[in-house]
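Let me begin by presenting the structure, written as structure tokens, before commenting on it.
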Number of protein chains: 2
Amino acid sequence: MLDISQSTNELIAAFERACRDRGLRLTHQRLEIYRELARSTDHPTAEALYKRLRRTMPTLSLDTVYRTLSTFAEYGLANKVETVESQARFEAVNNRHHHLVCSECKTIMDFQWQEIDTLPLPQEVGEWGAIGTRSVVIHGICRQCRHKT
Amino acid sequence: MLDISQSTNELIAAFERACRDRGLRLTHQRLEIYRELARSTDHPTAEALYKRLRRTMPTLSLDTVYRTLSTFAEYGLANKVETVESQARFEAVNNRHHHLVCSECKTIMDFQWQEIDTLPLPQEVGEWGAIGTRSVVIHGICRQCRHKT
DNA sequence: GTGCGTGCAAACGGTTTGCATGCTT
DNA sequence: AAGCATGCAAACCGTTTGCACGCAC
């Protein structure tokens, strides 16, 4: 897994390495899409990324963004976020974290919660199969939405 | 919230009450869709429910299933489950529970985990806004998929 | 009888795909 | 030079919507 909790330069260097390791060609589009995704903290949709990038890359096409994001997801460079909305949201693969979702504005915020990993799981879970990662999603109403009446 | 951890009869009675309370008409389609959803433990898609119900209700239409499920979701009689897949999945509103997702076969299983609600949240979460429910999703590989090589 | 809910068919919108061209390797 | 990645446009597919009829109230 790619650790991007670092400066942007290191981050991009790590991305370039990751591409080479996986035999992925390092194109301008991939680099810029990754850079934009890693810079974003709002778990953008493909379309949101497209709009942001279009300003500096006028020839970029939306389907390249889609194709690139699914390539990233396939190679573990980004994640598709589980959502109830119709548009898929993405995040650069980051340190392990959980999500706070505002029921009003649908914003998704990250947070850390190490304790969750040490809390013993119910027995039935162990019986179900091989356990991978635990992800917590907390639904609530964010400060901004609460105060805006 | 509707508690359906009971016999089917009580469950249906509770559903009928819930419809009346909300001013929703109690149609044959709604009743059968609810019955099938409550009987299903696999978090079916609208299409899956449609196929199952079509056997006994040949005139049922897929868009009625969609419309009914979103009515249920709107009135708190069912939930749309957060997923990374393209088709939406649903569950009858049940006691609070969490999800085990198999990365291979995409099956979703429910499990209980009361302890999670008493585990103190990180401070930053409290600062974010008003907290609602905590939902855990554990990704892993279920027994069947592990043994099938 | 009133008007909400259903069935049908057509529209919609996000995402994917086929194909010719371009750019990384 | 070889072939993967991109851009364009068209197809795809899950879901939604407009309309007329039917059924719960």
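The values are calculated or read from the model by the stated rules, or taken from the named source; none is laboratory data. This one's a predicted model, so the numbers in the text were calculated from it and none came from an experiment. We place every Cβ from the backbone using ideal geometry, glycine too, and count neighbours over all the protein chains shown.
Of the residues that make up segment B:71-78, is at least one modelled with pLDDT under 95 and out of contact with any Leu (no Cβ under 9 Å at 6 or more places or on another chain)? Within segment B:71-78 (the criterion being modelled with pLDDT under 95 and out of contact with any Leu (no Cβ under 9 Å at 6 or more places or on another chain)), the answer is no, since none of the residues qualifies. Residues that are touching a Phe, Trp or Tyr at 6+ places or on another chain (Cβ under 9 Å), more than 12 Å from DNA strand C (Cβ to nearest atom) and outside any loop (DSSP other than H, G, I, E, B) within segment B:15-44 comprise B:15, B:18, B:35, B:37, B:38, listed in sequence order.
Here is the figure for segment A:59-77: residues that are closer than 13 Å to residue A:93 by Cα, part of a helix (DSSP H, G or I) and of a type in the set (A, V, I, L, M, F, W, C) total 3.
Can you spot a residue in segment A:18-27 that is more than 10 Å from DNA strand D (Cβ to nearest atom), more than 13 Å from the chain's Cα centre (by Cα) and crowded, with 17+ Cβ neighbours inside 10 Å? Outline the logic, then answer.
At the first step, the residues of segment A:18-27 found to be more than 10 Å from DNA strand D (Cβ to nearest atom) are A:18, A:20-21.
Narrowing further to those that are more than 13 Å from the chain's Cα centre (by Cα): A:18, A:20-21.
If we keep only those that are crowded, with 17+ Cβ neighbours inside 10 Å too, we end up with A:18.
Yes, that holds for at least one residue.
Considering segment B:45-88, and only residues there that are away from every other protein chain (no Cβ under 14 Å) and of a type in the set (Asp, Glu), the residue that is nearest to DNA strand C (Cβ to nearest atom) turns out to be B:63.
Among what's in segment B:94-112 and is more than 10 Å from chain A (Cβ to nearest Cβ) and among the hydrophobic types (A, V, I, L, M, F, W, C), pick the residue that is nearest to residue B:67 (Cα to Cα). Among those residues, the one meeting the criterion is B:108. The residues on offer are A:115, A:91, and the sole one that is outside any loop (DSSP other than H, G, I, E, B), modelled with pLDDT of 95 or more, away from DNA strand D (no atom under 15 Å from the Cβ) and more than 10 Å from chain B (Cβ to nearest Cβ) is A:91.
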